[in-house]
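The values are calculated or read from the model by the stated rules, or taken from the named source; none is laboratory data. On a predicted model such as this, the values are computed, not experimentally measured, just so you know. Here Cβ is always computed from backbone atoms with ideal geometry, including for glycine, and neighbour counts include all displayed protein chains.
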């Protein structure tokens, strides 16, 4: 059950005082004419009832060309907007950033939602809304208490099929079943019957919804948080679960195929659409480029193999609440490696795999890269002197390919080098996963490798 977030009286006083300062920065502003104003504007709406009459208040924010919010204000009356301008908006950011740094907040509410609450409080104080908590921290506490719920988020996964439900970390991979869409359809039929929704729109919507999602795989996460934070957490958890599956998939060992399954909207497939004119009317061709099957199907037999290869161990690691510095390093390298095997291009794979190896084996940017990565990789994955020398040579060859591509635009491809490089990186990560509790931090890991080299 959610209780008061901050009990420390000095912290409460600090945040209340900072919020009170924002009240002095409120000023009347005119809504800018969009044609003349150089900034884009985004509008968010909310409505509530006062004295039995519905009054619509809207919050409006200005963003710069990079998408950074630089001012925000709210509607009071025609041609009257109250807000904090771009000159003073840094004070809003200062308050929200200081709140969001605290674990009590950043685990349950999004940074954007904190800013919304700040402005809702400013508005309530400005128009003196009856019954609202006067102090900012009381208002914040009350708002968050109302917002936090146990929420289930299901995120569609493309190019993946499963024969059974299973879990990886906090994520349950499952199908969206027919009865869910039947319930949605029945609810929408009520709106059609009451003339709220045109029947043609209803049929088109349901047809597309079923086609796109019924029987398709989703990654589902249950989260106790406000909605925007729950979405943020769910997306991170699904990406990490997909990362674990990619690392153990056949794509990790075959450099000529790409692991193109993942979150819908965030996973790119090579496709084309072409209009071919040999007459007045064109022939239209569209579809996926190449002959590779991008579907990753997980049946009972493959799931058993994945678990035996380390999926259960990775799943346990994904569930760990507080990762050590070494485990954070491992996940960063693992993410970079799976990004490599998700690439279609040969040279993109080389670049990301070498980046993963640099994350693992370099202490800092001052070390000589090629010899250091090659030597530490060789000693880490093998006790055989010949294998260690092969690792040094492999890294040297891979860096030559990367250098020729990045600095000279040469696109020479040697898939045998890529295959060996891909497996060497996978092997190093596998050793790290199986021994993740041996090291607390990067320093301990580097000392271990140095002992291997100099023993």
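Quick check on residue 411: is it surrounded by fewer than 16 Cβ atoms within 10 Å (Cβ to Cβ), over 29 Å from residue 168 (Cα atoms) and at pLDDT below 95? So residue 411 passes the test.
Criterion applied to 300, 333, 321 was being surrounded by fewer than 16 Cβ atoms within 10 Å (Cβ to Cβ) and in contact (Cβ under 8 Å) with a residue 12 or more places away in the chain, and the one residue passing it is 300. Of everything in segment 370-380 that is in contact (Cβ under 8 Å) with a residue 24 or more places away in the chain and within 16 Å of residue 333 (Cα to Cα), the residue that is surrounded by the fewest Cβ atoms within 10 Å (Cβ to Cβ) is 380. When the residues of segment 137-155 are narrowed to those that are touching a helix residue (DSSP H, G or I) at 6+ places or on another chain (Cβ under 6 Å) and modelled with pLDDT of 95 or more, which ends up farthest from residue 19 (Cα to Cα)? Among those residues, the one meeting the criterion is 155. Checking segment 115-123 against the condition returns no match, with no residue being modelled with pLDDT under 95, outside the structural domain of residue 292 (by TED's automatic domain parsing), more than 30 Å from residue 312 (Cβ to Cβ) and surrounded by fewer than 17 Cβ atoms within 10 Å (Cβ to Cβ).
Residues that are crowded, with 17+ Cβ neighbours inside 10 Å and more than 20 Å from the chain's Cα centre (by Cα) within segment 158-173 comprise 162, 166, listed in sequence order.
Here residue 420 passes the criteria (1) surrounded by 14 or more Cβ atoms within 10 Å (Cβ to Cβ); (2) touching a residue at least 40 places away in the same chain (Cβ under 8 Å) except the one numbered (2). Exactly one residue out of 95, 99, 25 is assigned to a loop (DSSP other than H, G, I, E, B), closer than 16 Å to residue 121 by Cα, modelled with pLDDT of 90 or more and outside the structural domain of residue 233 (by TED's automatic domain parsing): that is 25.
Does residue 244 meet the test of being touching a residue at least 12 places away in the same chain (Cβ under 8 Å) and under 20 Å from the mean Cα position of the chain (by Cα)? The answer is yes for residue 244. You will find that of 446, 432, the residue that is in a helix (DSSP H, G or I), assigned by TED's automatic domain parsing to the domain that holds residue 385 and under 17 Å from residue 374 (Cβ atoms) is 446 and no other.
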